[in-house]
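Structure record follows, encoded as structure tokens.
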Amino acid sequence: MDLGQINDAINGDRRSLARTLSAIENGSININDVKQNVKITNKLQAPNWQSLAITGAPGVGKSCLIDKLLSIWAGSGLKIALLAIDPSSPRTGGALLGDRVRITSVDDESLKDNIYIRSIATRKSSGNVPLIVADMVDFLHVAGWERVVIETVGSGQSEVRCAAIADRIVVVEGPARGDGVQAEKAGLLELADAVIVNKSDLSGAEKHAEELLESFELGLGDAPPVMLTSALNENGVAEAASVLLDLPDSGRSVRARWRERLLAHYERKILESPKLDDILSSLAIGSISIDDALNTLGGR
Ligand SMILES: Nc1nc2c(ncn2[C@@H]2O[C@H](COP(=O)(O)OP(=O)(O)OP(=O)(O)O)[C@@H](O)[C@H]2O)c(=O)[nH]1
Ligand SMILES: [Mg+2]
């Protein structure tokens, strides 16, 4: 562990920050060791939330919307970081390129000291991505980034878990396409502390917001706020930015979120167990059962 580099990162050096995050990403340093070994000088007031996941189907406008939100929040003096989880889809060849193009707030001279952006290429990662993301969020807080936004596509278990590690989850949807509520299918809505229907400049957005409200009314617990925005013409974005900054966690999402976190940690426990190799060999020759294996790996 390069303590000098870690201290530089904490003291604001961006290159050291990038390197430290890479070291967390590839598993060469452990966040708990870092916390034990560095003096944490950045005393942040604990805000309402420290991490906010913005999730939803590909192409609904998450990056465009985040760009506007970052401008507003950074403009009000908050230090805000974005972790863009890159599912490395063959479609885009990786969201990095797309997001670089779409996130323009970072090019603004007056804002750039308050904004830090980092992509995480999940394809290259060997470990448990949601927990790597959680560790990176942790380090960003240590390094003085008050709020961390996580952009993740809301399909696929790992992506949903990346959202579940955040303090708050916002699900972004597009206008109605006649095939019902997308996020509902992915089990995302039960995790949502707020829902944004973006592309309100297109027809079908209001109808979709109504569909969402109806589907919440059928469910249990209090419905999260449903907001309409257009990242294109900025309608509703300032309002959304202010609601999101003070967003309470909705009671209904808490259990679902803890379930995802529990599963992520359980998986890490199994994968990082020194007994895993032996257990796999025993399973392969049939000398133990799955229950035996789980008892051994899932225990202490
Ligand atoms: N009409 C309209 N188009 C929008 C709006 N917001 C984004 N778009 C367009 O939608 C497309 C996708 O936007 P992105 O911000 O990249 O969407 P994303 O959800 O981040 O996509 P992935 O990262 O690939 O999942 C782009 O062509 C945007 O220009 C909006 O409010 N209205
Ligand atoms: Mg995007």
Quiz prompt | Full-extension gain in nm, Ser273 to Arg255, via 0.36 nm per residue minus C-alpha separation | solution = 3.8 nm
Quiz item: Between Ile285, Leu245, Val170, whose Cα lies farthest towards the positive end of the dipole of the chain when Lys and Arg beta carbons carry +1 and Asp and Glu beta carbons carry -1, centred on the Cα centre?
Solution: Ile285
Practice problem: Could you list the GluC sites (Glu not before Pro) in the range 209-300 that lie in coil according to DSSP, counting only those with at most 16 other Cβ atoms within 10 Å of their Cβ? | Solution: Glu234, Glu272
Quiz item: What spacing in nm lies between the two simple spin-label points modelled at Asp33 and Asp246, each 7 Å away from Cα in the Cβ direction?
Solution: 4.3 nm
Practice problem: Fewest Cβ neighbours within 10 Å first, please rank Met1, Met136, Met227 accordingly. | Solution: Met1, Met227, Met136
Quiz item: Hey, got the dipole for the range 125-281? About the Cα centre, +1 on K and R Cβ, -1 on D and E Cβ, debye to the nearest 20?
Solution: 440 debye
Quiz item: Regarding the range 1-41, what are the three Cα extents along the principal axes, ordered largest first, in Å?
Solution: 23, 22, 12
Practice problem: Take the Cα atoms of the chain, find their three principal axes, and give me the spread along each one in whole Å, biggest first. | Solution: 60, 46, 37
Quiz item: Using the C-alpha gyration tensor of the range 259-298, what are the square roots of 5 times its eigenvalues, in whole angstrom, with the largest one first?
Solution: 21, 10, 7
Exercise. Give the residue from Leu69, Ala121, Leu17 lying farthest towards the positive end of the charge dipole for the chain; charges sit on Cβ (+1 for Lys and Arg, -1 for Asp and Glu) and the dipole is referred to the Cα centre.
Key: Leu17
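Here, each number is a calculation from the coordinates, and none is a lab measurement. Keep in mind that what you see is a predicted model, and the values were worked out from it rather than measured. Cβ: placed from backbone, ideal geometry, glycine included. Neighbour counts: every protein chain shown.
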